[in-house]
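Student: Mind looking over this structure? Questions follow.
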Amino acid sequence: MKLARLGNFGSEKPAIVISDTEAVFVDDVVADFNRETLSNGALDKLKKLDLTNRPTVKIADYRLGSPVARPTKAICVGLNYAKHAKESGAEVPKEPVIFMKAPDTVVGGFDDIVIPPNSVKTDYEVEICVVIGKDALYLDSPAKAKEYILGYTISQDVSERHWQIERSGQWMKGKSFPTFNPVGPWIVTADEFDPNDVRLWTTVDGEKRQDSKTSDLIFGIDHCVWYISQFMELKAGDIINTGTPEGVGMGYKPEKYLKPGQVVETGIDGIGTIKSSVVAHK
């Protein structure tokens, strides 16, 4: 099942995607895709629906919002692809590197990326994004993690490297500007997507920048969910950005950072693509 939210910012309605071009609104059954509804069995309710007699809408007629409404936590795993760790000049971590970004960075997958004032090192990062389906705390093992995953979507974990790396403090400083986490186009539920050895990529103005597979992950997705649950309670609707592969702008010589007027397209095989225009803050 593919779960989407269609409509203007702040007025999105939940929908089930039934083809590449069509969807069915389900807001009469589930108010939204958020912590409250997901905790109260939203997915089970939707699985029981007969969609055959429901009116369809064209996806192209609507804005695709973030497929999860206002996650209360946006958790990230850093340096989680071996080749990316190498291009960053970092040692391969012995445990997952966990940090947070402000959850209100999350926007729709086709919304603009707004470069902050005075930024000269805004970078892109394709990531598989895990959406948590039910509360998880102190899971017994990575094998248990699958039970707590609602599904997967695409995340563009935008980062301002000057503030992230060159100014003292935690990475969160370079990660939490508004619009710095386009997510979409929809959630593919866990029963319909296997995140192992799938291709993920980024282009900027059509130039391939990142092109890798999840087989390069240092810590697998189930391991990351289990590990994070040892330190905080994961709630339904929380998202986890599971790391980015090599090819980020910071890794090129010379470096290739985003500039206003460019277009960033991000894709994961089996999920789809998202695309954002890069604009300057006004």
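Values quoted throughout were computed directly from the atomic coordinates according to the rules given, and no laboratory measurement underlies them. Here the structure is a predicted model, which is why all the values come from computation and not from measurement. Positions of Cβ are backbone-derived with ideal geometry, glycine not excepted, and every protein chain shown enters the neighbour counts.
Student: List the lysines whose alpha-carbon lies under 16 Å from that of Lys175, not counting same-chain residues fewer than 8 positions away?
Tutor: The reachable lysines, counting only those whose Cα sits under 16 Å from Lys175, are Lys73, Lys101, Lys121.
Student: Consider a paramagnetic label point 7 Å from the Cα of Glu147 along Cα→Cβ; state which residues of region 228-246 have an amide N under 20 Å from it.
Tutor: Those under the cut-off are 228-238.
Student: On full extension of the chain, what length is gained from Asp61 through Ser215, given 0.36 nm per residue of separation minus the C-alpha to C-alpha distance?
Tutor: On the way: separation 154, 0.36 × 154 = 55.44 nm, distance 3.65 nm.
In short, 51.8 nm is gained.
Student: Now for a different question. Greater than 26 Å separation of Cα atoms is the criterion. Which listed pairs, Lys208/Lys235; Lys146/Lys235; Lys94/Lys253; Lys48/Lys213; Lys48/Lys146; Lys48/Lys235, meet it?
Tutor: On the way: Lys208/Lys235 35 Å; Lys146/Lys235 14 Å; Lys94/Lys253 28 Å; Lys48/Lys213 34 Å; Lys48/Lys146 21 Å; Lys48/Lys235 24 Å.
The pairs that break the limit, which is 26 Å between Cα atoms, are Lys208/Lys235; Lys94/Lys253; Lys48/Lys213.
Student: Same structure, new question: Hey, got the dipole for the chain? About the Cα centre, +1 on K and R Cβ, -1 on D and E Cβ, debye to the nearest 20?
Tutor: Computed about the Cα centre, the dipole is about 520 debye.
Student: Another one. Give me the distance between the Cα centres of region 204-221 and region 1-37, rounded to whole Å.
Tutor: 28
Student: Additional query: Mind listing which trypsin sites (Lys or Arg not before Pro) in region 93-162 are in a DSSP loop and have 16 or fewer other Cβ atoms within 10 Å? Write down the numbers at each step before the final one.
Tutor: Details: sites: Lys94, Lys101, Lys121, Lys134, Lys144, Lys146, Arg161; in loops: Lys94, Lys121, Lys134.
Taking region 93-162 and a limit of 16 other Cβ atoms within 10 Å, the loop trypsin sites (Lys or Arg not before Pro) found are Lys94, Lys134.
Student: Could you grab the Rg to Rh ratio for region 1-67? Cα atoms only, Kirkwood for Rh.
Tutor: Ratio of gyration radius to Kirkwood radius for region 1-67: 0.93.
Student: Jot down the radius of gyration and Dmax of region 74-280, Cα atoms only, both in angstrom.
Tutor: Taking only Cα atoms of region 74-280, I get Rg and Dmax of 15.7, 47 Å.
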